[in-house]
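Written below as structure tokens is the structure these notes are about.
The values are calculated or read from the model by the stated rules, or taken from the named source; none is laboratory data. Values in this document were obtained by computation on a predicted structure and should not be read as measured data. Positions of Cβ are backbone-derived with ideal geometry, glycine not excepted, and every protein chain shown enters the neighbour counts. SASA here: full protein model, heavy atoms, side chains in, ligands and nucleic acids out. Shrake-Rupley method; radii C 1.70, N 1.55, O 1.52, S 1.80 Å.
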Protein chains: 2
Amino acid sequence: MQGRRRRLNVISPKINTKDLGILNAFDDEYNGVIIDSEGLPSSPNSFSSILRSSLSHWKQRGKNGVWLKIMARQAHLVHIAIKEGFVYHHAETGYVVLTFWLPDEQPCMLPSTGSHQIGIGAFVINENKEVLVVKEKKCPLRCSGVWKMPTGFIDKSEEIYLGAIREVKEETGIETEFLQVVAFRHAHFVSFEKSDLFFICMLKPLSSQITIDGKEIEDAKWMQLEDFLDQPFYKEDFMSKSAIEICIAKHEQRYKGFSAHEMMSKFDDRNSHLYYAE
Amino acid sequence: MQGRRRRLNVISPKINTKDLGILNAFDDEYNGVIIDSEGLPSSPNSFSSILRSSLSHWKQRGKNGVWLKIMARQAHLVHIAIKEGFVYHHAETGYVVLTFWLPDEQPCMLPSTGSHQIGIGAFVINENKEVLVVKEKKCPLRCSGVWKMPTGFIDKSEEIYLGAIREVKEETGIETEFLQVVAFRHAHFVSFEKSDLFFICMLKPLSSQITIDGKEIEDAKWMQLEDFLDQPFYKEDFMSKSAIEICIAKHEQRYKGFSAHEMMSKFDDRNSHLYYAE
């Protein structure tokens, strides 16, 4: 779809101090408008009427996409926006964002929202060829009982390698140093209609004393690599087997993954990380 | 956050044929319930009352998370759910999903939704050291006029390497073969509060005749690598410069990125792709 291919960049907030009868809004970089959610009338009827006249006003001025953020406390306005032709774009705990595409020319060119969740798996192996493994408390049936590497989701705006270090520390108490992303798995329809990118990270242990996080983890230990691989799960599951083989190759210095490099991009005007083979 | 670390796996649909006065719901794998959105009463009052009794019923039975999907045509029920304590989880064009965490024990352990959008950049270079470049129509000011590699977002559930091939084909008409992901960039707060993973893909051209997609692209051409690099933008932007240097190293066979390997995972019970260095 066309709409998925455009990047929505940081918005330059220029307030439209419009005449009465038009919602307060900011301009975005793509000739669109972002309605100021602070200025929404609380009465559904007034909202409906001002929304209609605002849309017509912006359309006359050749605007493209309209963004409308409705806070949870204003939820009684959501169905009015839908009635006026808005569609849902995305939602976070405290609000929902809707959009309206003004041009007659279709399709809607507005970028879509987050389509992926980002997970990490942390392969931590020490000099005695022992792997740091955990048994999860609430794991679905098909992996219950399996000793596996610590896994988890990265936090909002967290860097991948820092997420890996944090997960290991939280689940097992072990301090680590990030080495490389050795592989990543891309899977679809994992959670609702969302896709999943799972980064397999190689970490070097900096401590050995395990402390279990009782909420999520049933048990954790250092396990001989051979015993780890001997588990039926890893013998039968080609994906997991491949991933572990890559980790072992990396441990034996027969493999090169991607390292993390922090750098500034002029294009985005922010610090980001570029992952590549050194 | 605790809630971000659990994976929501495919749901096993067991219908709860409950007594009257309780909403129809399915069980999920984590001792949670998914309300059947087909069975919601259309009157806000009835919805409010049955929702309250259902929550109390599930809480008594020790259930954890409750999932509620409200279609756009039922948008007048959204504020009722919010009033009863539900919070937004995510939204797609036609619906919004809300959640309710029943246990007294906090924090909410429900997984969060898609936090990332996935972009691709396609570096296509031919045997004459000419790079396939485009000039975008609606590019923000800071890159207007720059000849750049074709970029875009992957479609819903699309594989990364197929997205790269598609984008090149759509923007320039050029047929390509995917070689490798040579690097990826991780940036935060790119679109709203979402993060962005941008995969730099190396592709081999299989055709040479350019056909421009007039909607998105102002112009496209084959450009001598030297002229491409000579653009001030690439000299000044360390991130772009690094990425292009990696592509050139790959072209000159001095670099190894990650290839895509389709494989079945028993854990997920589906075909996924594992990207790693061969």
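For segment B:29-39, enumerate the residues that are open to solvent by 20 Å² or more (accessible area, probe 1.4 Å) and out of contact with any Asp or Glu (no Cβ under 6 Å at 6 or more places or on another chain). Write out each step before concluding.
In the first step, residues of segment B:29-39 are kept if they are open to solvent by 20 Å² or more (accessible area, probe 1.4 Å); the result is B:29-31, B:34, B:36, B:38-39.
Once the filter is applied, which keeps residues that are open to solvent by 20 Å² or more (accessible area, probe 1.4 Å) and out of contact with any Asp or Glu (no Cβ under 6 Å at 6 or more places or on another chain), segment B:29-39 yields B:Glu29, B:Tyr30, B:Asn31, B:Asp36, B:Glu38, B:Gly39.
Is there a residue in segment B:36-54 that is closer than 16 Å to B:Cys108 by Cβ and aliphatic (A, V, I, L, M)? Checking segment B:36-54: not a single residue is closer than 16 Å to B:Cys108 by Cβ and aliphatic (A, V, I, L, M). Just one of the listed residues (B:Ser208, B:Ser195) is in the same structural domain as B:Cys247 (by TED's automatic domain parsing) and open to solvent by less than 20 Å² (accessible area, probe 1.4 Å), namely B:Ser195. Taking the conditions (1) surrounded by fewer than 16 Cβ atoms within 10 Å (Cβ to Cβ); (2) more than 25 Å from the chain's Cα centre (by Cα) in turn, B:Lys156 satisfies each one other than (2). Just one of (1) closer than 30 Å to A:Glu226 by Cα; (2) not assigned by TED's automatic domain parsing to the domain that holds A:Leu229 fails for A:Phe123. It is (2). Could you tell me whether any residue of segment B:183-190 is closer than 24 Å to A:Glu278 by Cα, at pLDDT 90 or above, open to solvent by 40 Å² or more (accessible area, probe 1.4 Å) and of a type in the set (A, V, I, L, M, F, W, C)? Taking every residue of segment B:183-190 in turn, none turns out to be closer than 24 Å to A:Glu278 by Cα, at pLDDT 90 or above, open to solvent by 40 Å² or more (accessible area, probe 1.4 Å) and of a type in the set (A, V, I, L, M, F, W, C).
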